[in-house]
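I have placed the structure first, in the form of structure tokens, so that the comments after it can refer back to it.
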Amino acid sequence: MWDFIVERREALLYNTFQHANLVVQAVLVATVIAVLLAVLITRVPRLEGPANAISAIGLTIPSFALVSLLLTFFSFGSLPAFIAVAFYAVLPVLRNAVVGLQGVDATLLESARGMGMSEVTTLVRVRLPLAWPVILAGVRVSMQMSMGVAAIAAYVGGPGLGTYILKGLTQIGGANAINYALVGTIGVVVVALLADLVLLLVGRATISKGIRV
Amino acid sequence: MTTDLTKEPERTPAAQEGAAEISGAEIVLEGVVKKYPGQKAAAVESLSLTIPAGEIVMFIGPSGCGKTTSLKMINRLIEPTSGTIRIGGEDIRGQSENELRRNIGYVIQGGSLFPHMTVAKNIALVPKLLGWDAKRISTRVEELLDLVGLDPSRYRDRYPRELSGGQQQRVGVARGLAADPPVILMDEPFGAVDPITRQRLQDELLSIQRELRKTIVCVTHDIDEAIKLGDRILILQEGAQIAQYDTPEVILGAPANEFVEDFVGSGSSLKQLSLTRVSEVELRRPTTATVGEQVAEVKRRAEANGDRSVIVLDSRNRPVGWPWLRQLKGDVVLEPTEDLVNLDQRATLNDALDTMLSSSHGGAVVTGDRDQYLGVVVFDAVTDHIRSLEEQARG
């Protein structure tokens, strides 16, 4: 297998980078969307029930099915892959963001109001920083999950390590089938571990010392 | 006991201190009503009240009487259904809610500090909202930490969770004072700390108020706290109807009705102890020593005075320890490590007795503004004072 890797190292590196790139971008966009939605949900409590239901149902849709469905609207390529990954990535972050924002002590919010902070200032200076550890935990879950989803997105022509897995599956019984599948799978795991480490460091840098556990 | 306390000189701050200039503003409530939709009885039924500038007014009453609602209407955390509230003659609806609140200090139970911000950042919040420049804010933070008795260099960069409950509450008070507002609202500010810390915090508040002379409105459920802190006490009945609004002396001496009598409770002669300040009894002046002085010299001085212990002061004339002579070792007087419980001169005799009971010296060290040393109060002085009160009462 080593030879297999060495022979294809350039393509392999490129695909690994593409994989990470797709996931990171999708998770970033998903985090922004999820936090905005969470802010909306915590402002309009009526939305909470539907939001929870949607995120619960959303997670039960098999990613393979969603990816295929997206093909009816988009052509093969990175776009449906990106949409699929981002869709799943939103869900864990959204849940955590809602929980995190709701978990901010009501007396602190009253205190902020009593000091004359506007709603936006309260959100930026108090609610988000206090909810951030919980949101970030959601981002980490989301990132892990998205690594796997991105592998499946290769089915619709998405970039990344999923192409190797797909190739391995389609060539079952062939000479390099197992090598393809293994390299793709292990690659995904390695990228996922690295990404998690990066997020851990991001947490160290961005979570206030006053609330770090 | 029928002491007519009304005849005693009025305990208004002006009469008592006279020194500091009033920086507070008058608050006037006129026919203020708060009705919540769907509730039959109004939470506040037509409350009219004048809170004089520079005084501490305590709101007290049974739970659900509308005291907190009334307080929160002053900074528009709750909007009155009708009626007007004026601060310094201006209708509070004249400016935006946030503008209004930035000019009113707000202190709530436990300090309610933001856990993700350092002490300095917490205090700096309102000045920042008001657009002060960084240098002015930093100077102000230092000033305030000093005022509430926390060493700025040690505490400014700490996070709330690294502070004790009492320290957090101090920072909470500093934060309320940050932008130097004329009016400060406090909602059960000392409810979450232990009794000894509470007493200290109350003393400190009185000492700060002596310097600043703000208008402070404070909600409490503790009648002793109300008597101790209040220049005036507002006792409320259900629906925020005024049962009595007067000085503590009058409320204790001449309760307006049965409700007030019940509320103030029995043992009102004991409560008189909460009315007399330490500054009104005679203080002893035992031998003192300054940190860094020669021990031999200190011992000689103490023996000449017939004292078996000395009070150790630091370089800023603040008492830091009260060792027996035999505990003084070495050549020079060292900074003691014990945690000396001092009494502010505005502490009540009630507090003094409390502190004395836990002291091995049968007395307590009394301090003035910014913890400056004044003297020592001892049991005899307190019992003498009580006796003279009783004699007066017997007439």
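The values are calculated or read from the model by the stated rules, or taken from the named source; none is laboratory data. Bear in mind the structure is a predicted one, so any value in this text is a computation, not a measurement. Backbone-built Cβ (ideal geometry, glycine too); neighbour counts: all protein chains shown. Protein only, heavy atoms only, side chains kept; ligands, DNA and RNA dropped before computing areas. Shrake-Rupley method; radii C 1.70, N 1.55, O 1.52, S 1.80 Å.
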I'd like the Karplus ³J(HN,Hα) series for region B:30-41: coefficients 6.51, -1.76, 1.60, θ = phi - 60°, whole numbers in Hz, and an x wherever there's a Gly or Pro. 10, x, 7, 10, 10, 10, 9, x, x, 10, 5, 7
Relative to chain A, whose Cα atoms define the longest principal axis, helix A:9-43 and its Cα axis are tilted in degrees, nearest 10, by 20 degrees
At a probe size of 1.4 Å, how large is the accessible area of A:Val190, to the nearest 10 Å²? 70 Å²
Who wins for biggest fluctuation among A:Thr72, A:Thr185, A:Thr163 in a Gaussian network model of chain A, springs between alpha carbons below 10 Å? A:Thr72
Output for region B:242-326 (equivalent-ellipsoid semi-axes, sqrt of 5λ from the C-alpha gyration tensor, Å, descending) is 46, 13, 10
Per residue of region A:148-165, what does 6.51 cos²θ - 1.76 cosθ + 1.60 with θ = phi - 60° give for ³J(HN,Hα)? Whole Hz please, x for Gly and Pro, Karplus curve as stated. x, 4, 5, 5, 6, 5, 4, 4, 9, x, x, x, x, 6, x, 4, 5, 4
Percentage relative contact order, chain B, counting C-alpha pairs under 8 Å, at least six apart: 18 percent
Can you give me the relative contact order of region B:279-388 as a percent, contacts being Cα pairs under 8 Å and 6 or more apart? 28 percent
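Residues of region A:145-213: accessible area per residue at 1.4 Å, in Å²? Intermediate values should be presented prior to the final figure.
On the way: 3470 Å² over 69 residues.
Averaged over the residues of region A:145-213, the accessible area is 50 Å².
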How much of the accessible area of the protein assembly as shown, in percent, comes from carbon and sulfur atoms when a 1.4 Å probe is used? 56 percent
Convex hull over the Cα atoms of the protein assembly as shown, averaged projected area in nm²? 39.1 nm²
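Do the sum for chain B: with -39,500 (n - 2.57) for every DSSP H run of n ≥ 4, divided by all residues, what is the mean residue ellipticity at 222 nm, to the nearest 500 deg cm²/dmol?
Dividing the helical sum by the residues of chain B leaves -10000 deg cm²/dmol.
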Taking Lys and Arg as +1 and Asp and Glu as -1, residues besides B:Gln345 with C-beta under 10 Å from its C-beta add up to -1
Whole number in Å², please: accessible area per residue of region B:176-246, 1.4 Å probe, ligands, DNA and RNA not counted. 27 Å²
At least 30 Å² of accessible area lost relative to the chain alone, listed for region A:105-139 with a 1.4 Å probe: A:Leu108, A:Glu110, A:Ser111, A:Arg113, A:Gly114, A:Met115, A:Gly116, A:Met117, A:Arg125, A:Leu130
Cα-based Rg / Dmax (Å) for region B:279-388: 13.8, 45
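Within chain B, which is the longest segment that contains none of the trypsin sites (Lys or Arg not before Pro) sitting in a DSSP loop with at most 14 other Cβ atoms within 10 Å?
Working: sites that count: B:Lys40, B:Arg308, B:Arg316, B:Lys329.
It runs B:41-307.
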Choose one answer from A:Ala89, A:Ala26, A:Ala131: the residue with the largest mean-square fluctuation in a GNM of chain A with alpha-carbon springs under 10 Å. A:Ala131
For A:Tyr155, tell me the accessible area in Å² from a 1.4 Å probe, rounded to the nearest 10. 90 Å²
Got a sec? Which residues of region B:88-114 lose 30 Å² or more of accessible surface with every protein chain in place, vs. that chain alone, 1.4 Å probe? B:Asn98, B:Arg101, B:Tyr106, B:Ile108, B:Ser112, B:Phe114
Round to a whole angstrom and tell me the spacing of the C-alpha centers of region A:185-209 and region A:10-57. 16 Å
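First obtain the Kirkwood hydrodynamic radius of region A:9-206 from its Cα pairs, then insert it into the Stokes-Einstein equation at 25 °C and 0.890 mPa s, and state the resulting D in µm² per second as a whole number. Please list the in-between numbers first.
On the way: Rh = 18.1 Å.
Taking Rh from Cα pairs, D becomes 136 µm²/s.
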If you take the square roots of the eigenvalues of the alpha-carbon gyration tensor of chain B and sort them as a ≥ b ≥ c, do you get rounded (a/c under 1.5), prolate (a/b over b/c) or oblate? oblate
I'd like the distance between the alpha-carbon centres of region A:75-123 and region B:154-225, rounded to an integer number of Å. 34 Å
Give the long-range amide H neighbours of B:Gly321: residues separated by 5 or more places, or on another chain, with amide H under 5 Å away, using H modelled in the peptide plane at 1.01 Å from N. B:Val312
Using the basic label-point model (7 angstrom from Cα toward the beta carbon), what is the A:Ile186 to A:Val124 distance in nanometres? 4.8 nm
A versus B: buried accessible surface, summed, Å² (probe 1.4 Å, to nearest 100): 2000 Å²
Would you work out the charge dipole size for chain B about its Cα centre, treating the Cβ of every Lys and Arg as +1 and the Cβ of every Asp and Glu as -1, and quote it to the nearest 20 debye? 1080 debye
Helix-derived [θ] at 222 nm for chain A: sum -39500 (n - 2.57) over DSSP H runs of at least 4, divide by residue count, nearest 500? -25500 deg cm²/dmol
Just which residues of region A:175-213 lose 50 Å² or more accessible area with every protein chain there, against their chain alone, with the probe set to 1.4 Å? A:Lys209, A:Gly210
